[in-house]
Amino acid sequence: MKKIIMVTTAVCLLAATFTACAGNKNNPEETTTPTGTTMAETTTIADETTGDETTTEAEGNGESATTLAELGAVMESVGEWPAMDEFLDKEMVADFMLLDVDNPNYKDIYIKKAMMSAAFGEYIIIEAEDVDAAVEDLEARRTKLIEVDAFYPEHQELAEQAVVGKIGNYAYLIAKDNAAEVEAALRNAIGE
């Protein structure tokens, strides 16, 4: 009888513990992004436009193209991408991507990457004063992607086919199976 009471008590305590811990799901941890917003603010800011955001005029159609996040959405609309997250932490970007988000050459930077090693896909868009220097930074990232970060043989092949380029004052890296199609969509969105 004592064993049954002890087991029942232990189960009740575990259930209470798990129930209490589950209440923290809706309180996102605040981290600072390169632009100074917090993760909690990111979801509400996504649909707003401020004067500080990067915009460009698309040639030929007179429409205003967009922030780097909107250019990213254009890229993600081409083909099927794995689940990706935006890289926001400065130290992670520096260590993993070999990029300094505080680089005075960068006006703005937007990075999304598949966070699971079994999935492959990432892109980086940088608006820069010196686009050629930004392209060099992205070439270094591409080299690390090929030599270190591509875990599986098929990912290494895709990394070797990654596209690094520039359009106007934008530099970009696209690592995906249909990188050329994604690049064409990006060029079209910017107006080139």
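Every number in this text was worked out from the coordinates using simple rules, so none of it is lab data. Given the structure is predicted, the values throughout are model-derived calculations rather than measurements. FYI the Cβ positions are ideal-geometry reconstructions off the backbone, even for glycines, and counts take in every protein chain you see.
Tally Lys/Arg at +1 and Asp/Glu at -1 over every other residue whose Cβ is under 9 Å from the Cβ of Gly165; what's the total?
Value of the local net charge: +1.
Between Asn103 and Gln161, what is the label-point separation in nm under the 7 Å Cα-to-beta-carbon projection?
2.6
Convert each backbone phi in the stretch 130-147 into a coupling constant with the Karplus relation 6.51 cos²θ - 1.76 cosθ + 1.60 (shift: θ = phi - 60°), then list the ³J(HN,Hα) values in order as whole Hz, x for Gly and Pro.
Whole-Hz 3J(HN,Hα) from phi for the stretch 130-147: 9, 5, 4, 5, 5, 4, 4, 4, 6, 5, 5, 5, 4, 4, 5, 4, 5, 7.
Which lysines, on any chain, are close to Lys113 with Cα under 16 Å apart, when same-chain ones fewer than 8 places away are left out?
Lys113 reaches Lys90, Lys144, Lys176.
Using label points projected 7 Å from each Cα along Cα→Cβ, tell me how many nm separate Val148 and Thr9, to one decimal.
The modelled label-to-label distance comes out at 5.3 nm.
Assuming R0 = 30 Å, can you tell me the calculated FRET efficiency for the pair Glu192 and Glu86, based on Cβ-Cβ distance, to the nearest 0.05?
Result of the calculation: an efficiency of 0.75.
Using θ = phi - 60° and the Karplus relation 6.51 cos²θ - 1.76 cosθ + 1.60, list the HN-Hα couplings for the stretch 80-86 in order, rounded to whole Hz, with x at every Gly or Pro.
Residue by residue, the stretch 80-86 yields 10, 9, x, 4, 10, 10, 6 Hz.
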